[in-house]
Amino acid sequence: MAVGAYSTSLLLRGHDLPLILVLPASLTAAALVGAVFGVAAARLRGPYLAGATLALAVGLPQIATRYSHVFGGEEGLTVAPQVAPAWLGADFPPERWIAWIAIAAALITMVLLGNLLQSSVGRRFKAVRDHEAAAALAGINVARTQVVAFVVSAACAGLAGSLFAYWAGLTAPAGFGVALSLQLVSAIVIGGLGSLSGAVWGSIVLVFVPALTGGMASSLNLPSAVGNNLPLLIYGAVLVVAMLVVPYGIDGGLRRLFALARARWAGAASNHKGVVDWDDPAGG
Amino acid sequence: MRVSVFKWRSLLTPTLSRHLGLALAAFIVLLVLSSQIGAYDDYNLAAVAIFAIATAGLNLLTGVNGQLSLAR
């Protein structure tokens, strides 16, 4: 996300480029960085991969601080907010316009990723995840598959980072620390690993739980030492409860609920109470 | 090497048309929703959409391909 956001800010500094050019350019920049890093990452496994990516997450914002004449240092770079086109009316709120842009970009991304996952590429991804040796024996180029996954993931992050720069109006190293990466990982774990709807659920939790609890904490008139940490505490509690109640994430939990409801409904229709009687599968 | 060509007839296959239809329906619902809510909620809605892009990409890497990335 950092690469996408900084590309956007740098492209827009002193230039007045349209959004439709800036988004693909930022996406491409992030994908290129992802490709370079993905080649290295494809050789790493498990904790070593986590360590290498953690190093990048810690190191990348420091580049912005070190070369502050280009990247604006700790203060970051500002991005002029997007103005809604005139045909939407003069009093059209800019928040709504950036929301529409982000929604459109998110849905296009979802359609593309959804089709990718249903294609042979998606099946190759899953084969490599489940058993690398078996995938290699089946003729899949494991390293190339991993690099492709890394590039696609980085491109998504670049697009998100670019929109983030427009949304926040500011690109600063503090916004792209390790905390953001961990939040995103926790979001997909809460939402459900390996499914696109899980990603949407996770983002809803990621945004609305702190927003709601933040409003709650400020309305309770708690001492600032408690009030400032309350949203974080509640987010942690939500994470723990989610792991206990729905270990496969919200998406996995909903799927299980639907499957149970369907079994119950089918069972009621044939008077089986949703339980298959193995001694008498025909139903007596 | 096999070259895959985009076939216009694939627009008629269930997967692609189903995804496009779902996305279009979601887009219309979200636009209507976004016009009904206040500026602060629009701001949060944009954040959800932005994080959904990032988490979808991460989920593809971590959940589907089994690699982990902390570098976002």
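Side notes on the structure shown:
- Across all directions, the average projected area of the convex hull around the alpha carbons of chain A is 22.4 nm².
- Integer Hz, Karplus 6.51/-1.76/1.60 couplings in order for the range A:55-62, x for Gly and Pro: 4, 5, 5, 6, x, 4, x, 5
- For the options A:Gly89, A:Gly192, A:Gly253, a Gaussian network treatment of chain A with springs between C-alpha atoms closer than 10 Å singles out A:Gly89 as fluctuating the most.
- Other-chain or far-sequence residues with amide H under 5 Å of A:Leu170's (modelled H): A:Val79
- Extension reserve of the A:Met216-A:Ala55 stretch, reckoned as 0.36 nm per residue once the Cα distance is removed: 54.4 nm
- The slack in the chain from A:Leu112 to A:Asp130, taken as 0.36 nm per residue of separation less the alpha-carbon distance, amounts to 4.2 nm.
- For the segment A:107-119, counting C-beta atoms of other chains within 10 Å of every residue's C-beta and taking the mean gives 6.
- Net length gained if the chain between A:Asn141 and A:Ala237 were fully extended (0.36 nm per residue, minus Cα distance): 30.4 nm
- Peptide A:144-151 has a mean shielding of 3, counted as Cβ atoms of other protein chains within 10 Å of each residue's Cβ.
- For peptide A:201-214, the mean count of partner chain Cβ atoms within 10 Å of a residue's Cβ comes to 4.
- Using the alpha carbons alone, the radius of gyration of the range A:106-145 stands to its Kirkwood radius in an Rg to Rh ratio of 1.09.
- Using the Cβ-Cβ distance between B:Leu24 and A:Leu17 with R0 set to 22 Å, the FRET efficiency from 1/(1 + (r/R0)^6) comes to roughly 0.20.
- Cβ-derived FRET efficiency at R0 41 Å, A:Ala261 paired with B:Leu31, nearest 0.05: 0.85
- Packing here is the average count of other Cβ atoms within 10 Å per residue, and on that basis the peptides A:194-207, B:44-57, highest first, run B:44-57, A:194-207.
- The label point for A:Glu74 and the one for A:Leu182, both projected 7 Å from the Cα toward the Cβ, are 2.1 nm apart.
- Principal-axis analysis of the Cα atoms of chain A puts helix A:196-219 at an angle of about 70° to the longest axis.
- A simple rule links phi to the HN-Hα coupling: the Karplus curve 6.51 cos²θ - 1.76 cosθ + 1.60 with θ = phi - 60°, which for the range A:76-91 gives x, 10, 8, 10, 5, x, 6, 9, 5, x, 5, 5, 8, x, 6, 9 Hz, with x for Gly and Pro.
A short reminder: the numbers here are calculations on the coordinates, not readings from a lab. Fair warning: this is a prediction, and the values are worked out from it, not measured in the lab. Reconstructed Cβ throughout: ideal geometry from the backbone, glycine too, with neighbour counts over all protein chains shown.
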